[in-house]
1. What order do you get for Ile85, Ile39 when you list them from fewest to most C-beta neighbours inside 10 Å?
2. Give a residue-ordered list of calculated ³J(HN,Hα) values for region 37-49 (Karplus: 6.51 cos²θ - 1.76 cosθ + 1.60, θ = phi - 60°; whole Hz; x for Gly, Pro).
3. Note the angle between two axes, namely the Cα long axis of helix 79-107 and the longest principal axis of the Cα atoms of the chain, as a number of degrees from 0 to 90, rounded to the nearest 10.
4. Could you check the simple spin-label distance between Gln107 and Lys7, using points 7 Å along Cα→Cβ, in nm with one decimal?
5. Evaluate E = 1/(1 + (r/R0)^6) for Glu78 and Glu44, where r is the Cβ-Cβ distance and R0 equals 41 Å; express this FRET efficiency to the nearest 0.05.
6. Under a Cβ-only charge scheme (Lys and Arg +1, Asp and Glu -1), can you give me the dipole magnitude of region 2-87 about the Cα centre, in debye to the nearest 20?
7. Check cross-link reach from Lys54 to the aspartates and glutamates: straight Cα distance under 17 Å, and skip same-chain residues fewer than eight apart.
8. Residue by residue through region 16-25, which ³J(HN,Hα) values in whole Hz follow from phi under the Karplus form 6.51 cos²θ - 1.76 cosθ + 1.60 (θ = phi - 60°), with glycine and proline marked x?
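Read-outs throughout are calculated quantities, based only on the coordinates presented, and are distinct from any laboratory measurement. Here the structure is a predicted model, which is why all the values come from computation and not from measurement. We place every Cβ from the backbone using ideal geometry, glycine too, and count neighbours over all the protein chains shown.
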Amino acid sequence: MNNQTSKSLRADVTSAAEQALEATSQALETTKELASQAIERAGERARDLRESVKETSAAAQRQLGRYAESTSRYVSEEPVKSALIAAAVGAVVAALVMGLLRSQRRQD
């Protein structure tokens, strides 16, 4: 191989390497931009979700407040009925618990 051909090949290889380096740099830059956009979108979605959870929580708290008010009003208007209902619910819960305990003892 003569000196001129060697220089030409070296120049071609150098040029190809520089082009490859430039393409790699561009690909890296594009990837950085796409990653940045994806992170930004994920952040926006997280903020939207957080806001939605806040709104849902506030609505649930308002609803629970209304239930508490209704219950308090009913108890003050109907104290005897309220006591009887509470006693009946307590008896049912106690019966269920006792039944579960008996069932567990039989299985052991």
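1. Fewest-to-most Cβ neighbours within 10 Å comes out as Ile39, Ile85.
2. Whole-Hz 3J(HN,Hα) from phi for region 37-49: 5, 5, 5, 5, 5, 5, x, 5, 5, 5, 5, 4, 5.
3. The answer is roughly 70 degrees.
4. Label-label distance for Gln107 and Lys7, simple model: 9.1 nm.
5. Computed FRET efficiency for Glu78 and Glu44: 0.20.
6. Result for region 2-87 is approximately 280 debye, rounded to the nearest 20.
7. Of all the aspartates and glutamates, those that pass the test against Lys54 - Cα under 17 Å, at least 8 places apart if same chain - are Glu44.
8. In residue order, the calculated couplings are 5, 5, 5, 5, 5, 5, 5, 5, 5, 4 Hz.
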